[in-house]
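In what follows, a structure is listed as structure tokens, so that the remarks can point back to it.
Nothing in this text is a laboratory measurement; each read-out follows from the coordinates by a stated rule. Keep in mind that what you see is a predicted model, and the values were worked out from it rather than measured. Quick reminder, even Gly has a Cβ in these numbers, built from the backbone with ideal geometry, and neighbours come from all protein chains shown.
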Amino acid sequence: MVLWPAIGIAVVGILDFLSGLVLAAIDIYIVDPLFGLSLLPEDFVEQVRQLGSHVLAILNLAGLIVHLWLPFFALCLVVLKRLNYILLAVNRVQWFLEGGKDHPLDALGLVAAPLVFFGGAVVQMLVAK
């Protein structure tokens, strides 16, 4: 699920690099007085160059965003699956508790407390020196 978006991102990057090379070659060939081809006024060429760089930046950003949505979608699926496990645990604890149907937040607290405790312990071990 992550391989194809990575390939798409690589293709967008390669095309960005190639379009930069082509634009630089055209810029040198048309504008450079070494070739003697100053066919266009310099202010017009500068305006076109700035507009072209903005358009390329927008198109490349759009291409990267399109290829980044699938890994984010996969991450959301993993998070949602974990939340379903927590919901299942809350339902089991709610069944186990006397009067659990009337007090669902008690069951949620009994499930969330160990998760927060162990999560905090893991973070503490990772951060502590």
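A few points about this structure:
- Protection-proxy order for peptides 116-128, 56-68, each taking the mean of Cβ atoms within 10 Å per residue, highest first: 56-68, 116-128
- The packing ranking of peptides 87-97, 73-83, highest mean first, is 87-97, 73-83, where packing means the average number of other beta carbon atoms within 10 angstrom of each residue.
- Along the axis of the charge dipole computed for the range 73-129 (Cβ charges of +1 for Lys and Arg, -1 for Asp and Glu, origin at the Cα centre), the listed residues 78, 88, 105 are led at the positive end by 78.
- Applying 1/(1 + (r/R0)^6) with R0 = 25 Å to the Cβ-Cβ distance of residue 82 and residue 106 gives a FRET efficiency near 0.70.
- Each other residue within a Cβ distance under 14 Å of residue 100 adds +1 if Lys or Arg and -1 if Asp or Glu, for a net charge of -1.
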